[in-house]
1. Describe numerically, in nm with one decimal, the distance between label points set 7 Å from Cα along Cα→Cβ at residue 20 and at residue 84.
2. Please compute the per residue accessible area over the chain with all protein chains in place, 1.4 Å probe, rounded to a whole number of Å².
3. Rounded to the nearest 0.05, what FRET efficiency is calculated for residue 51 and residue 71 with R0 set to 35 Å and r the Cβ-Cβ distance?
4. Lys and Arg at +1, Asp and Glu at -1: add these up for the other residues within a Cβ distance under 12 Å of residue 128 and post the number.
5. May I ask you to list, by number, the DSSP H helices of the chain whose Cα span along the axis is at least 24 Å and whose average Kyte-Doolittle hydropathy reaches -1.0 or more?
6. If Lys and Arg each add +1 and Asp and Glu each add -1, what is the summed charge of the other residues whose beta carbon sits under 12 Å from the beta carbon of residue 97?
7. Full-extension gain between residue 131 and residue 111, please, as 0.36 nm times their residue separation minus the C-alpha to C-alpha distance.
8. For the stretch 81-143, what is the Kirkwood estimate of the hydrodynamic radius, computed as the reciprocal of the mean inverse distance between distinct Cα atoms, to one decimal in Å?
Amino acid sequence: MSALIWLIAGLVLAAAEALTGDFVLLMLGAAALATAGVSAATDLPVWADALVFAVSSLVLLGGVRPVLRRRYALPPAKATNVDALPGKQALVLEEVAAHSGQVKLDGEVWTARPLDVTEVYPPGTTVTVMQIDGATAVVWKGP
């Protein structure tokens, strides 16, 4: 009879995992299913079933869950829009100085200023976008 209770508890916990997605309930469900198997195969007392459940839960939560979390972790978010522009190359269209300038970046014209305000980049120079400051590309020619 206790094997049936462990089996039902295991299935309910595994099904409840769909609501959380954190692998905790799945590990507890698997431990309950393991306990159901041990309970069906042997005639252990209830305290022994509880011990089997506790040990298998600890093993699954401490050993299997971290592996599953690493395996199914979300990939890092891909940079889009303005966040994707730093590091790209741009072509200087109008002289880039401390207070003026334009560059062509990904097919669009951006106002630009140099990273080092003492530098001036003539038209035709290829520069690297270091950051985006509002609607202005902060560029650097590099070494």
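The values are calculated or read from the model by the stated rules, or taken from the named source; none is laboratory data. Everything quoted here is computed from the prediction, not taken from an experiment. A quick note on method: Cβ atoms are made from the backbone with ideal geometry, for glycine too, and the neighbour counts reach across all protein chains shown. Just so you know, the surface numbers come from the protein's heavy atoms only, side chains and all, with ligands and any DNA or RNA stripped out. Shrake-Rupley method; radii C 1.70, N 1.55, O 1.52, S 1.80 Å.
1. A separation of 3.7 nm, rounded to one decimal place.
2. Per-residue accessible area for the chain comes out at 63 Å².
3. 0.75
4. +2
5. 2-20, 24-41
6. So the environment of residue 97 carries a net charge of -3.
7. 6.0 nm
8. 10.9 Å
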